[in-house]
Amino acid sequence: MTTSVQKSHIHRTVLNNGIVVLVAENPAADIVAARIFIRAGSCYENQEQAGLAHLLSTVLTKGCEGLSSLQIAEQVESVGASLGADTATDYFLLSLKTVTSDFAEILSLAARILRSPTFPETEVELERRIALQDIRSQQEQPFTIAFDQLRDAMYQNHPYARSALGNEATMSSLTRKDLVQYHQTYFRPDHVVISIAGRITPENAIALVEGVFGDWQHATQPVQKLDLPELNVKPQIKIKPQQTQQSIVMLGYLGPSVLSADYAALKLLSTYLGNGLSSRLFVELREKRGLAYEVSAFYPTRLFPASFVVYMGTAPENTQLALFGLQTEVDLLFTTQLEEDALQAAKNKILGQYALGKQTNAQIAQLYGWYEILGLGIDFDHNFQETIASVTALDAMTAASRYLREPYVSLVGQEEAVNSAIVYFNS
């Protein structure tokens, strides 16, 4: 039986086959955007098949039952629509946007692509070659090298250790049969969330979705549970000597998932430290001390323990100072309570950016679908803003003390520079 719930301006419906449909009616522009999330992504790959979800995202739209790659492209472009697939660690995504009058046609096309892709061998081979070129290109980028070795140190055998592209060995070994098996395993109606925003009523949107997805049979085989390894690797130091013009200095801390009560406080601290030209790291280490070519912090939203990362690009001769400067600034978070005006400024920044990220139909469809596929529910939109606003300076300091004491360190740069920095760090 189909069940529907109205929460604020989001209408949530569960179809008989398990598909969750979210609809936000927005008549302001004659546009409808949809995001089709699948509970898949790189976390669901075997280690030996790293890059499989990425490869699937590149070939999914390159052929389906009855349509070639060219015919799909012509159908989309003939009405000025957009349609594309992507993958992330915790989910897989098919995105589309059209004028309202063409939405039914493009949604039907998306359903055919999602349910019956053909994965033509020639397209698989072409996209695999492109992915291998991307992998080789990334191996020449100091930031990517530093981040890859940091993730490897932090996550070891956990899927979060891996690039979405996998590596040359895994990408080279992937076959069309692997794509078919992954698709058959995870692309099932009870793994799907369809989030729609635009000039369409909930009733019409649900009727359209039921029309093209309603006969998709509920999977009889049980959902495969993720069997992820425990994360208990002690913090360590990784270096990669390389003849580069600058050193990349990166500190990583194993933080909590989005489900944790400490998530909001750490999100706030990441914003305070490294978000924008007024951030603490930018002002203290670049503006005042001239150490940084670039400096920032990030703490992505993840279903499993996330990495809280601060990094800097600096001149080789400043590598040691950069490492000391970054660690000093992070250490201050749990030794010195944030002043109220600094805390409030960080709250204003994160909440302002959050509001600006919900302006377009595509952004709205993305946000609510993302919350649903992560299991957070549509209430998370309101709860997140409330929780950020209620974080106290003591909350922030407590969270920092819990998670930000011992860093994993990743250095990439000229051999003498990175070695001298490590001697300092170990002393």
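Okay, here's what the table says:
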read-out: Length-normalised contact order of the chain in % [C-alpha pairs under 8 Å, at least 6 apart]; value: 22 percent
read-out: For the chain, built as a Gaussian network whose Cα springs stay under 10 Å, the top-fluctuating residue of G63, G51, G352; value: G352
read-out: Local net charge near G18, Cβ-Cβ under 12 Å (Lys/Arg +1, Asp/Glu -1); value: +1
read-out: Cα gyration tensor shape for region 207-323, rounded if a/c is under 1.5, else prolate or oblate; value: prolate
read-out: Sorted by Cβ neighbour density within 10 Å, fewest at the top, the residues H54, H183, H9; value: H9, H183, H54
read-out: Among beta bridges that DSSP assigns inside the chain, antiparallel share in %, nearest 5; value: 85 percent
read-out: Neighbour-count ranking [beta-carbon atoms within 10 angstrom, fewest first] of Y354, Y311, Y253; value: Y354, Y253, Y311
read-out: Residue exposure sequence - L266, L259 - by fewest surrounding Cβ within 10 Å; value: L259, L266
read-out: Reciprocal mean inverse distance between Cα atoms of region 102-162 - Kirkwood radius, Å; value: 14.9 Å
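Each reported figure results from applying straightforward, stated rules to the coordinates on display, with no laboratory input. Nothing here was measured: the structure is a model prediction, and the numbers come from that model. Every residue, glycine as well, gets a Cβ built from its backbone with ideal geometry; the counts of neighbours run over all protein chains shown.
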